[in-house]
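Structure incoming, see below.
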Amino acid sequence: MNLSSYKVLKLFKDQLMFVPLPSSINYLWNFGSLLGFCLVIQILSGFFLSMHYDASMSNSFSSVLSIMVNVNWGWLIRSLHSNGASAFFILIYLHIGRGLYNYSFNLVYTWEVGVLILFCLMGTAFLGYVLPWGQMSFWGATVITNLLSSIPYLGGMMVEWIWGGFSVGKPTLTRFFSIHFILPFLILILVLFHMIFLHSTGSSNPLGVSNNSYKISFHPYFTYKDVLGVLFFLFLFLFVVFLFPDLFMDPDNFSEANPLVTPPLIQPEWYFLFAYAILRSIPSKMGGTIGLVLSIAILAVLPFINSGKSFKFRFNPLFVLLFWAEVFIFLILSWIGSMPVEYPFSVISQVISFLYFLLMILISL
């Protein structure tokens, strides 16, 4: 074994397998490893799906049907991929919630890279949702890409460039497929940086004590926890994949895209509904677009508006009340995002959207 190989193995041993971690870490810290497991599932299943997918307006919908019917185990691969996206977002929202509750945004570099991963993940999920070319895929792509037209001077030109024409069509589908295939590898690189920054500072812990407190090796203590978490996740995930494969899918997306027929209610996948509700709560197109971006970007601001208060503050009943109120508001926004834009939902969404941003700031102060 040459010297460089020895250094790589030693780095892997010291920084991954035997990195010291606070002994009080519990199963809520398993979400990181579960997200990594989900990323592997999505990349592998997506790779096999890409072998049979045809990115064209006339064949994309039928190619997805062919994968389900004619390709050996194609139904399983597609179900793993589509439900894996929902599982990914469930885990990442729980991961962010745990981070907010434990003031993990004080680990600035780790947190900021995590926000970048979230942005890339949402972009990847949006592009992937368009590829089956169902009714909701087509109209969702039309609505969301049209938001760029609110950018002064350059907006119209950017929309036409993304579309590859004057409406969503074959060039749009081809570009979305190419970018959707590339983005997961960018996410992999960001995950690597996320882990490097995390291991350089150490993890937070549920007791709120100093990171210099008693620590134990990652292996074997936390590897066993991660393996148990993966097995439990696999049981629930495969339960949905085999028995309820269409649980998270929109019924309108089982119909092929038709530009001449508009669905009665255009809405994105469930994991975008909270941001979609904020978008619709602002009458101005430009304001709605800014609100949509800020609904995620506000996470990146939290480390800089934090007053430096120790994360022991989370044991304060006021903080607990604010945190769970924010969770409740997130759920309410997701529900409103699936409702029509009419009274009383339009008024409720404006109030709840304001409270979403207010509580997010109050939590971090």
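The values are calculated or read from the model by the stated rules, or taken from the named source; none is laboratory data. Just so it is clear, the model here is predicted, and its values are computed rather than measured. When we count neighbours, we look across all protein chains shown, and the Cβ atoms used for this are built from the backbone with ideal geometry, even at glycine. In case anyone asks, the SASA skips ligands and DNA or RNA and just uses the protein heavy atoms, side chains included. Shrake-Rupley method; radii C 1.70, N 1.55, O 1.52, S 1.80 Å.
Evaluate the Kirkwood expression for the hydrodynamic radius of region 147-232, namely the inverse of the mean inverse distance over all pairs of different C-alpha atoms, and round to one decimal in Å. Walk me through the numbers on the way to the answer.
Numbers: mean 1/r = 0.0564 Å⁻¹.
Result for region 147-232 stands at 17.7 Å.
Another question, then. Which of W163, Y214, T145 sits closest to the plus end of the dipole of the chain, meaning its Cα is farthest towards the positive end, when Lys and Arg get +1 and Asp and Glu get -1 on the C-beta?
Farthest towards the positive end: Y214.
Express in Å², to the nearest 10, the accessible area of L236 obtained by rolling a 1.4 Å probe over the protein heavy atoms while all chains stay in place.
About 80 Å², rounded to the nearest 10.
Have a look at G337, L118, L49 and report the one farthest towards the positive end of the charge dipole of the chain, computed about the Cα centre with Cβ charges (Lys/Arg +1, Asp/Glu -1).
It is L118.
Within region 74-96, which residues have the backbone N less than 15 Å from the label spot 7 Å out from W270 along Cα→beta-carbon, could you tell me?
Those under the cut-off are 82-94.
Same structure again: Let a ≥ b ≥ c be the square roots of the eigenvalues of the Cα gyration tensor of region 31-89; is it rounded (a/c under 1.5), or, if not, prolate (a/b larger than b/c) or oblate? Provide the component values of the computation, followed by the final result.
Numbers: a/c = 2.63, a/b = 2.18, b/c = 1.20.
Prolate, because a/c is 1.5 or more and a/b exceeds b/c.
While we're here: Run the quick spin-label model on F244 and W324: label points 7 Å from Cα toward the beta carbon, then report their separation in nm to one decimal.
Output for this residue pair reads 2.4 nm.
While we're here: Would you list D54, D250 from the most to the least accessible area, probe 1.4 Å? All intermediate terms of the calculation are to be shown ahead of the outcome.
On the way: D54 60, D250 20 Å².
I get D54, D250, largest accessible area first.
Here's something else I'd like to know. In nanometres, what is the gap between the two model label sites at Y109 and M286, each 7 Å from Cα along Cα-to-Cβ?
3.8 nm
May I pose another question? Cα centroid distance between region 105-128 and region 131-200, in Å?
Using only Cα atoms to place each centre, the spacing works out to 15 Å.
Which of the DSSP-defined H helices in the chain satisfy a minimum axial length of 24 Å, computed from C-alpha atoms, and a minimum mean Kyte-Doolittle hydropathy of 0.0?
Details: long enough: 31-50 (28 Å, 1.94); 74-101 (40 Å, 0.71); 108-130 (34 Å, 1.68); 170-201 (47 Å, 1.47); 221-243 (34 Å, 2.09); 285-305 (29 Å, 1.99); 317-336 (28 Å, 2.31); 345-364 (28 Å, 2.19).
Long hydrophobic helices here: 31-50, 74-101, 108-130, 170-201, 221-243, 285-305, 317-336, 345-364.
How large is the dipole of the chain about the Cα centre if only Lys and Arg carry +1 and Asp and Glu carry -1, each at its Cβ, rounded to the nearest 20 debye?
The calculated dipole for the chain is roughly 1040 debye.
Right, here's the next one. Determine the distance separating the Cα centre of region 231-308 from the Cα centre of region 60-76; give it in Å without decimals.
25 Å
May I pose another question? Between L236 and S338, what is the label-point separation in nm under the 7 Å Cα-to-beta-carbon projection?
Roughly 1.8 nm, to one decimal.
Next question. Could you give the length gained on full extension between T201 and L76, defined as 0.36 nm per residue of separation minus the Cα-Cα distance, in nm? Intermediate values should be presented prior to the final figure.
On the way: separation 125, 0.36 × 125 = 45.00 nm, distance 4.02 nm.
Gain on extension, T201 to L76, equals 41.0 nm.
Could you list the chymotrypsin sites (Phe, Trp or Tyr not before Pro) in region 159-212 that lie in coil according to DSSP, counting only those with at most 13 other Cβ atoms within 10 Å of their Cβ? Could you put the intermediate results ahead of the total?
Details: sites: W161, W163, F166, F176, F177, F181, F185, F193, F197; in loops: F166.
Answer by residue number: F166.
Given Cα positions, please report Rg to Rh for the chain, the hydrodynamic radius being the Kirkwood one.
Working: Rg = 21.9 Å, Rh = 22.3 Å.
On the Cα set of the chain, Rg over Rh gives 0.98.
Could you report the accessible area of I282 in Å², rounded to 10, computed with a 1.4 Å probe on the protein chains as they sit in the structure?
60 Å²
How much accessible area per residue does region 231-322 have, counting only protein heavy atoms and a probe of 1.4 Å, in square angstrom? Working shown, then result.
Details: 5090 Å² over 92 residues.
Result: 55 Å² per residue.
Could you give the radius of gyration (one decimal) and Dmax (whole number) of the Cα atoms in region 95-167, in Å?
16.7, 48
Quick one: length gained pulling Y221 to E160 fully straight, 0.36 nm per residue minus the C-alpha distance?
On the way: separation 61, 0.36 × 61 = 21.96 nm, distance 5.38 nm.
Full-extension gain reported as 16.6 nm.
Computing the accessible area with a 1.4 Å probe over protein heavy atoms, can you report the carbon and sulfur percentage for the chain?
Working: 14280 of 18840 Å².
The C+S portion of the solvent-accessible surface of the chain is 76 percent.
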